[in-house]
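> Shown below is the structure under consideration.
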């Protein structure tokens with residue numbers, strides 16, 4: 001029987017994964033060099049744009065399929081905290097008329113934190129790959 005929190009965490013994991021994947025994909029599609037230049041303009045090394053984009057793409061796919069969900073979500077928490085404190089905080093929660101606020105990043109941070117803490121095992125690749133080992137160990141211990 002499926003439990004409500006497992007289903008809701010699955011939905012959260014997939015939505016967050018798709019969202020981060022799209023954000024990362026757009027960074028490369030629109031010219032990652034432009035993003036790297038913008039990173040440099042706000043005092044961050046330009047190469048971090050590549051790292052962030054890759055984390056978003058690979059991490060988004062990993063979340064969708066349920067592979068390393070806790071680790072990926074923890075990375076997303078760090079990305080969102082960085083975005084809030086380095087870029088969005090000065091604009092306030094809802095923005096200041098010149099740019100968006102940090103409400104969306106805070107929501108993504110909270111979603112990722114929930115998955116990092118609770119994990120998401122329903123329909124997760126982790127369960128197929130690693131749960132089998134646990135079952136095999138239990139069988140061999142019982143014998």
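Read the figures in this text as sums done on the coordinates, not as results from a lab. Bear in mind that the values here come from a model prediction, so they are computed numbers and not experimental data. Neighbour counts are summed over all protein chains in view; Cβ atoms, including those assigned to glycine, are modelled from backbone coordinates with ideal geometry.
> Just a yes or no: is a residue in the stretch 16-37 exposed (fewer than 14 other Cβ atoms within 10 Å of the Cβ), under 19 Å from the mean Cα position of the chain (by Cα) and within 30 Å of residue 127 (Cβ to Cβ)?
There is no residue in the stretch 16-37 that is exposed (fewer than 14 other Cβ atoms within 10 Å of the Cβ), under 19 Å from the mean Cα position of the chain (by Cα) and within 30 Å of residue 127 (Cβ to Cβ).
> Write out, first by first residue and then by second, each pair whose Cβ atoms fall under 8 Å of each other, whose residues are 6+ apart or on separate chains, and whose first residue, in the stretch 81-97, is over 16 Å from residue 52 (Cα atoms) while the second is part of a helix (DSSP H, G or I).
As it stands, the answer is 88/105; 93/103; 93/106; 94/103; 96/90, since those pairs meet every condition given.
> Do we find that residue 44 is farther than 25 Å from residue 123 by Cβ, in a helix (DSSP H, G or I) and over 12 Å from the mean Cα position of the chain (by Cα) in this structure? Steps first, answer last, please.
Details: farther than 25 Å from residue 123 by Cβ: yes; in a helix (DSSP H, G or I): no; over 12 Å from the mean Cα position of the chain (by Cα): yes.
For residue 44, the condition - farther than 25 Å from residue 123 by Cβ, in a helix (DSSP H, G or I) and over 12 Å from the mean Cα position of the chain (by Cα) - is not met.
> State which residue pairs qualify: first residue closer than 16 Å to residue 55 by Cα and inside the stretch 25-42, second residue loosely packed, with under 14 Cβ neighbours inside 10 Å in any location, beta carbons under 8 Å apart, and separation of 6 or more residues or different chains.
Close Cβ pairs (under 8 Å, with a partner that is loosely packed, with under 14 Cβ neighbours inside 10 Å) amount to 36/47; 39/45.
> Return the total of residues in the stretch 75-129 being surrounded by 13 or more Cβ atoms within 10 Å (Cβ to Cβ) and either in contact with a strand residue (DSSP E or B) (Cβ under 6 Å, 6 or more places away or on another chain) or assigned to a loop (DSSP other than H, G, I, E, B) (or both).
11
> Checking residue 50 against (1) free of Cβ contacts under 8 Å to residues at least 40 places away in the same chain; (2) part of a helix (DSSP H, G or I); (3) over 16 Å from residue 23 (Cα atoms), only one condition comes out false. Which one?
(3)
> Take residue 77 and tell me if it is under 16 Å from the mean Cα position of the chain (by Cα) and free of Cβ contacts under 8 Å to residues at least 24 places away in the same chain.
no
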